[in-house]
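**Q** Below is the structure I would like to discuss, written out as structure tokens.
Values quoted throughout were computed directly from the atomic coordinates according to the rules given, and no laboratory measurement underlies them. Quantities reported herein were computed from a predicted structural model and do not represent experimental measurements. Every residue, glycine as well, gets a Cβ built from its backbone with ideal geometry; the counts of neighbours run over all protein chains shown.
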Amino acid sequence: MKKKITVGIFDSGIGGLTVLKECAEHLSGVTFLYYGDNLHAPYGSKNAEEILYLTREAVKRFARRGTDAVVLACNTATAVAVDELRREFSFPIIGTEPAVKPAAEHGGNVLVLATPRTVQSVRLRMLTGRFPDCHIRVYPAAHLAEAVERHFIYGEPLYLKAHLPEGRYDAVVLGCTHFVYLKKEISQYYSAPVFDGGEGTAKRLANVLKLPFSGTADHQLGEKNPNNCFTLKRRNFPQNRVKFIGKCRKINKLIYFRTFVSEKTKK
Ligand code: DGL
């Protein structure tokens, strides 16, 4: 019998669902477990020690359930913790990095939007340093991830312009998976193409697991299923801050995504 493949996908909250979507659209035969640490979100303003601790706890959680790989669907957790966690765990850990390369190849003035912790990271500095001929501005959108959580989970209004720097840019990199929810709006605001690392991460996952990566995403996925990872806006999230872990399974071209809300977690 063919061995079942399980992959854990982690983010501080709902941002990583955008990466889960890419992975589920491009890879077949994988059961995805999703863990969003909403209780401690946002991570972007926390110190490195705390982010490493929380990310390690999340990876341990997947390890206990049994997993073939873990995706850190969080640029911040990747920037801070991926190197250390790769040394600690025996299964592959795939990170999510800001898509600076395609934006730099597009050329001109590039804006990278990320959390403060990612902006301060050596990893991002090294990444942008690889494109010395490109003019890259890195901007910490300090409260945008939290605003996205509050908007999509609790329905609070989100004033996007208040979170974005002014200026003219030829390409924008979304260096935080939460920002991907606003891809269209950010692209319209700057009248520029927007790049994110979701598809690249899915490709890397396929590569590591030696699975085929279907070039054309199956965009029909999930559309018909009311209980899937793309209908987050319509979901009734409880009003308290919760952790959730879900299971995403692709059966007959539909994604089944169940969310298990844990008991109210103590502060
Ligand atoms: N979604 C995360 C990222 O990609 C972090 C957002 C946050 O919790 O600050 O960076």
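**Q** How big is the charge dipole of segment 52-93 about its Cα centre, in debye rounded to the nearest 20, if each Lys and Arg gets +1 on its Cβ and each Asp and Glu gets -1 on its Cβ?
**A** 180 debye
**Q** Rounded to the nearest Å, what's the spacing between the alpha carbon centres of segment 88-152 and segment 1-49? Just the number, please.
**A** 18 Å
**Q** Can you find, among 155, 66, 27, the residue sitting farthest towards the positive end of the charge dipole of segment 14-161, where Lys and Arg contribute +1 and Asp and Glu -1 at Cβ?
**A** Of 155, 66, 27, it is 66.
**Q** Pairs of alpha-carbon atoms within less than 8 angstrom and 6+ residues apart define the contacts here; what relative contact order does segment 1-52 have, in percent?
**A** 44 percent
**Q** Report the chymotrypsin sites (Phe, Trp or Tyr not before Pro) located in segment 69-165 that are in a DSSP loop and have at most 12 other Cβ atoms inside 10 Å of their Cβ, or state none.
**A** Those that pass, being in a loop and sparsely packed, are 159.
**Q** Rg(Cα) of segment 137-220 divided by 2.2 N^0.38 Å?
**A** With N residues counted in segment 137-220, Rg over 2.2 N^0.38 Å equals 1.28.
**Q** Largest first and to the nearest Å, give the Cα extent of segment 62-106 along each principal axis.
**A** In descending order, the Cα extents are 42, 17, 14 Å.
**Q** Under 14 Å from the Cα of residue 203, which aspartates and glutamates turn up, not counting those fewer than eight places away in the same chain?
**A** Straight-line reach from residue 203, under 14 Å: 22, 25, 97.
**Q** Tell me the net charge near residue 44. Cut-off is 10 Å between Cβ atoms, residue 44 excluded, with +1 for each Lys or Arg and -1 for each Asp or Glu.
**A** Residues near residue 44 contribute +1 overall.
**Q** When the Debye formula is applied to the Cα atoms of segment 93-161, each taken as the same point scatterer, what base-10 log of I(q)/I(0) results at q = 0.12, 0.26 Å⁻¹?
**A** So the normalised log intensities are -0.40, -1.12.
**Q** Then there's this: Is there a pair in 60/101; 21/101; 101/184 whose C-alpha atoms are over 29 Å apart, and which pairs would that be?
**A** Distance filter (> 29 Å) returns 60/101.
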